[in-house]
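Here the structure comes first, spelled out in structure tokens, and everything after it is commentary.
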Amino acid sequence: MTQKDEEQIETSKGSILELLSTLNAKYSDLKHKEFQIAQNQELVNLETKLTGAEIALLPPFSGG
């Protein structure tokens, strides 16, 4: 989505929504993509507090 395998971003501890706002400013095409967000390998919502941990943007996928 960002054409990077990994990136470290310094941010104040806030919410996933605040981080997403930062990412949207840096990667303008991101707001047109569908994805889910995981923190420490668990899906989270936009109100989830950041823990300074690993955040992953996951493209749509299907299960079976």
Handout entry: Loop GluC sites (Glu not before Pro), the range 1-35 (other Cβ atoms within 10 Å of the site Cβ: 16 or fewer; DSSP)
Key = Glu6, Glu7, Glu10, Glu34
Completion exercise
With Pro59 itself left out, Lys, Arg at +1 and Asp, Glu at -1 over residues whose Cβ is under 9 Å from its Cβ give 0
Practice task
Note the listed values [x] 97; [y] 106; [z] 177, then indicate which one is volume of the Cα convex hull per residue in Å³ calculated from this particular structure.
Solution key: [x]
Exercise for the section: For the chain, run through the chymotrypsin sites (Phe, Trp or Tyr not before Pro) and keep only the ones in DSSP coil with at most 10 other Cβ atoms within 10 Å of their Cβ. Expected result: Phe61
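Here, each number is a calculation from the coordinates, and none is a lab measurement. Computed from a prediction, not measured in an experiment: that's the story for all the values here. Cβ coordinates were reconstructed from backbone atoms using ideal geometry, including for glycine residues, and neighbour counts include every protein chain displayed.
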